[in-house]
Amino acid sequence: MEAFLASRVLTRSDDWADSIGRAVSMQAAADDVVRAVVQHARQNGATWQVIGDALGVSRQAAFQRYGRPIDPRTGESMNTTPLPGVAELAASVIEDLASGQWTRVTERFDPSMRASLSEDTLAAAWAQIVGLSGALEGLGEPEVSRAGDMTITNTPLAMEAGDYTAQIVFRDDRAIAGLRILERQTP
């Protein structure tokens, strides 16, 4: 079916950019239809588990993509759009950790992080991870989500002898509100 649609699009125009643009428009329209069907299903009692199963994802992934969480403090819909450029921001924090730039990392902390995690403690924690698993060799593609007033990044870390996840929580002002390095569990 995909090959048929692609050949139909490409035979109508030799202009690849135009063809790609039409394909993107069709994809956006399909996404709009899925979103409308999911909203209708929810209004008629479908659970996030049923919706997730139909989409081939977890119920949490379905909710994060299509849900409309209500802020219990205000009763209004919450902002579910992650902070722009947050994946690059997380990568820069991780690069600063790996290169021992403790001051650069802690300068990004919000007041509560500054009060609870000093440069020395941060350096000691990173040294412990390096002592267990060696130097950082690479970063994976981060998972980004929004929860309440925060954007959460979970970036896979490949160390010489172990795999971890750097979970960094950012406020909308780009300050770090949370930082954890978790050992990655293999299924």
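Across region 48-122, counting alpha-carbon atoms alone, Rg and Dmax equal 18.0, 49 Å.
For residue 63, the solvent-accessible surface with a 1.4 Å probe is about 80 Å², rounded to the nearest 10. Charged neighbours of residue 158, selected by a Cβ distance under 11 Å, balance to -2 (K, R count +1; D, E count -1).
Once the C-beta distance of residue 33 and residue 120 is scaled by a Förster radius of 41 Å, the resulting FRET efficiency is 0.15 to the nearest 0.05.
Entry for region 47-187 at q = 0.10, 0.19 Å⁻¹: log10 I(q)/I(0) = -0.40, -1.14, Debye formula applied to identical alpha-carbon scatterers, no solvent contribution.
Counting only whole DSSP H helices of the chain, the ones at least 15 Å long by C-alpha along their axis and with mean Kyte-Doolittle hydropathy no lower than 0.5 are 86-98, 119-133. The residues of region 113-152 have, on average, 58 Å² of accessible surface per residue, using a 1.4 Å probe with all protein chains present. Among the GluC sites (Glu not before Pro) in region 89-179, those located in a DSSP loop and surrounded by at most 14 other Cβ atoms within 10 Å of their own Cβ are 107, 160. Remark: relative contact order (the chain) = 14 percent; criterion is Cα-Cα distance under 8 angstrom and separation of 6 or more residues. For the chain, modelled as a GNM with alpha-carbon contacts under 10 angstrom, which of 80, 121, 165 fluctuates the most? In the Gaussian network model the winner is 121. Derived scalar couplings between HN and Hα for region 135-143 equal 6, 5, 9, x, 10, x, 6, x, 8 Hz in order, rounded to whole Hz, by the Karplus curve 6.51 cos²θ - 1.76 cosθ + 1.60 (θ = phi - 60°), x for Gly and Pro. Annotation for region 12-103: trypsin sites (Lys or Arg not before Pro) lying in DSSP loop with at most 13 further Cβ atoms inside 10 Å of their Cβ are 73.
Amide H contacts of residue 179: 169, each under 5 Å away and 5 or more positions distant or on a separate chain (H built 1.01 Å from N in the peptide plane; Pro and chain starts excluded). Helical content of the chain, expressed as a calculated mean residue ellipticity at 222 nm, amounts to -15500 deg cm²/dmol (DSSP H runs of 4 or more residues, -39,500 (n - 2.57) each, divided by residue number, nearest 500).
Based on the Kirkwood radius over alpha-carbon pairs, what is the Stokes-Einstein translational diffusion coefficient of region 143-187 at 20 °C with 1.002 mPa s viscosity, in µm²/s? Rounded, D is 191 µm²/s. Ligands, DNA and RNA left out, the accessible area of the chain computed with a 1.4 Å probe is 53% carbon and sulfur.
The values are calculated or read from the model by the stated rules, or taken from the named source; none is laboratory data. A quick note: this is a predicted structure, and the numbers were derived from the prediction, not measured. Glycine also receives a Cβ, built like all others from the backbone with ideal geometry; neighbour counts cover every protein chain displayed. For accessibility, only protein heavy atoms count, side chains too; no ligands or nucleic acids. Shrake-Rupley method; radii C 1.70, N 1.55, O 1.52, S 1.80 Å.
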